[in-house]
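Structure in structure tokens, see below.
The values are calculated or read from the model by the stated rules, or taken from the named source; none is laboratory data. No experiment lies behind these values; they were computed from the predicted model shown. Note that we place each Cβ from the backbone using ideal geometry, even for glycine, and neighbour counts take in every protein chain shown. Protein only, heavy atoms only, side chains kept; ligands, DNA and RNA dropped before computing areas. Shrake-Rupley method; radii C 1.70, N 1.55, O 1.52, S 1.80 Å.
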Amino acid sequence: MCSAVAPATPNLSDTPLQLISGNPPSAQSFSSTESIESADDSQQSPWFEKSDVMEPFSPSLLEELSPSIMLEGTCGVYLLKNRKGEDVAVFKPMDEEYVPKEAEQNGALVKGHNSYRERAAFLVSDALGGYTGVPNTIITTVRHPTFKGGEKRGSLQRFVPASTDMSDLGPADIPVDEVHKIGLVDLLLFNVDRHEGNLLLRTRKSQGSDVLTRELVPIDHGLCLPVLVSRETGPSRNLMLDLYFAWESWPQAKQPFGAKARRFLQALSPKAVSRLVTVLKADLGNHAIPLPALTTLKVGALLLRLCAQGGKTLSEMAAMVRTPLADILQDAWSLASRTHQDVVIGVENANGVAQVVGDDDQGVKREEEAGESGSRAL
């Protein structure tokens, strides 16, 4: 939702800024390989190459940074350079955040919490092994004389070098799996803001070889994990109807999932999602992201598991979240209100789930039974 224009404050870089606090260099995480690797292949090399933009910030990397360019638009964005003039990170202050008016009015998103959601998107990506490639993001306080009060708190994300956004590009020649990884993280987190401008494309060499690969890097996750279901008013139907995913109509999104995507989907067990929630709470605190937004994460994981089991493509999954899912959530909310159960359990038992996600009734039933026992522990 942020658009860049020419710097409004040319002398912003005259004084280096100071980072005075932040998250630990490495996030608490867990290995998803326990649930997707067999004893026979557990010693093999990793099943994908983790992106370098997920590497932790080192203290030396964050020395003497200067906000040499200020990007302005619907929210405040500062591009930070080091003493060599190299782009290092992107800083988004909490007091300059943007939230769509309707999403704020219905309580789906709250201004001032975007930075926590930026951090949460990285934590989820990192905890699940890094397959989806969200750049390393921390919460920090930055001190600079041009800031009101002398300092601002917000999210600091690794800059993605040698990249261009997809605004003026088409999906031709982008590997299928690159599109799938973006779509899966967007659906898992119910990302409200996935347009061509915050989807970056770059070409880089694979580790240990001179082979060039095209890589998609997702940025701008401040509007992910909205509150899909309010305890008082039910599902946010308009929010789901308005969801737009830049990749949804691409040919790659209509292709079957490959081995990497299937491994990622297999890792989204109820137990793994429960541990994800623990990671988020431990890192961000209990109130940075409200409990109903964490329910959104559970619903996203359940949706992906059931749809994948039903043989749905990424494009079909995206279409489902707009209309059928709203009806399912309405049914689930009504059931949860009557029985005082978790909404996730209501989704699993809602009318029409099996018909929407696939025809394998026995397989869906097995998934629901497994999910129910795990969801009650969440």
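Restricting the search to region 114-137, which residues are of a type outside the set (Lys, Arg), under 23 Å from Pro93 (Cβ atoms) and in contact with a strand residue (DSSP E or B) (Cβ under 8 Å, 6 or more places away or on another chain)?
Within region 114-137, Asn114, Ser115, Tyr116, Glu118, Ala121, Phe122, Val134, Pro135, Asn136, Thr137 meet the criteria.
Then there is this: Out of everything in region 208-221 that is part of a loop (DSSP other than H, G, I, E, B) and open to solvent by 10 Å² or more (accessible area, probe 1.4 Å), what residue ends up being farthest from Pro175 (Cα to Cα)? Can you show your working first?
Taking region 208-221 as the starting set, the residues that turn out to be part of a loop (DSSP other than H, G, I, E, B) are 208-211, 219-221.
Retained after the next criterion (residues that are open to solvent by 10 Å² or more (accessible area, probe 1.4 Å)): 208-211, 219-220.
Details: Gly208: 20, Ser209: 18, Asp210: 18, Val211: 14, Ile219: 19, Asp220: 22 Å.
Per the criteria, the residue is Asp220.
Part of a helix (DSSP H, G or I) and open to solvent by 60 Å² or more (accessible area, probe 1.4 Å), is that true of Lys298? Break it down into steps so the answer makes sense when it comes.
Values: part of a helix (DSSP H, G or I): yes; open to solvent by 60 Å² or more (accessible area, probe 1.4 Å): no.
No.
Taking only region 105-137 into account, find how many residues are in a loop (DSSP other than H, G, I, E, B), closer than 30 Å to Glu49 by Cβ and either of a type outside the set (A, V, I, L, M, F, W, C) or modelled with pLDDT under 90 (or both). Spell out how you get there, then give the answer.
Of all residues in region 105-137, those in a loop (DSSP other than H, G, I, E, B) come to 106-113, 128-136.
Now drop any that are not closer than 30 Å to Glu49 by Cβ, which leaves 128-136.
Now drop any that are not either of a type outside the set (A, V, I, L, M, F, W, C) or modelled with pLDDT under 90 (or both), which leaves 129-133, 135-136.
Here the count works out to 7.
Taking the conditions exactly as written (in a helix (DSSP H, G or I), touching a residue at least 12 places away in the same chain (Cβ under 8 Å) and in contact with a Lys or Arg (Cβ under 7 Å, 6 or more places away or on another chain)), does Val273 satisfy them or not?
Working: in a helix (DSSP H, G or I): yes; touching a residue at least 12 places away in the same chain (Cβ under 8 Å): yes; in contact with a Lys or Arg (Cβ under 7 Å, 6 or more places away or on another chain): yes.
Judged against the criteria, Val273 is a match.
Also, I was wondering about something else. Of all residues in region 154-187 being part of a strand (DSSP E or B) and out of contact with any helix residue (DSSP H, G or I) (no Cβ under 6 Å at 6 or more places or on another chain), which is least open to solvent (accessible area, probe 1.4 Å)?
Here is the first cut: in region 154-187, the ones part of a strand (DSSP E or B) are 154-158, 163-165.
Then drop every residue that is not out of contact with any helix residue (DSSP H, G or I) (no Cβ under 6 Å at 6 or more places or on another chain), which leaves 156-157, 163-164.
Numbers: Leu156: 0, Gln157: 19, Ser163: 44, Thr164: 68 Å².
Among residues in region 154-187 that are part of a strand (DSSP E or B) and out of contact with any helix residue (DSSP H, G or I) (no Cβ under 6 Å at 6 or more places or on another chain), the one least open to solvent (accessible area, probe 1.4 Å) is Leu156.
Let me ask something else. Scan (1) over 20 Å from Leu314 (Cβ atoms); (2) surrounded by fewer than 22 Cβ atoms within 10 Å (Cβ to Cβ) for the single condition Val227 breaks and write down its number.
Answer for Val227: the failing condition is (2).
Identify the single condition in (1) of a type in the set (Val, Ile, Thr); (2) in a loop (DSSP other than H, G, I, E, B); (3) within 27 Å of Met94 (Cα to Cα) that Thr140 does not satisfy, given that it satisfies every other one.
In the conditions (1) of a type in the set (Val, Ile, Thr); (2) in a loop (DSSP other than H, G, I, E, B); (3) within 27 Å of Met94 (Cα to Cα), Thr140 misses (2) alone.
Further question on the same structure: Which of the residues spanning region 36-73 are modelled with pLDDT of 65 or more and open to solvent by 60 Å² or more (accessible area, probe 1.4 Å)?
Quick first cut of region 36-73, residues modelled with pLDDT of 65 or more only: 48-67.
Answer for region 36-73, where residues must be modelled with pLDDT of 65 or more and open to solvent by 60 Å² or more (accessible area, probe 1.4 Å): Glu49, Lys50, Glu55, Pro56, Pro59, Ser60, Glu63, Glu64.
Assuming Thr132 fulfils every condition listed in (1) open to solvent by 10 Å² or more (accessible area, probe 1.4 Å); (2) in contact with a Pro (Cβ under 9 Å, 6 or more places away or on another chain); (3) among the polar types (S, T, N, Q) apart from one, which condition is it?
Against the list (1) open to solvent by 10 Å² or more (accessible area, probe 1.4 Å); (2) in contact with a Pro (Cβ under 9 Å, 6 or more places away or on another chain); (3) among the polar types (S, T, N, Q), Thr132 comes up short only on (1).
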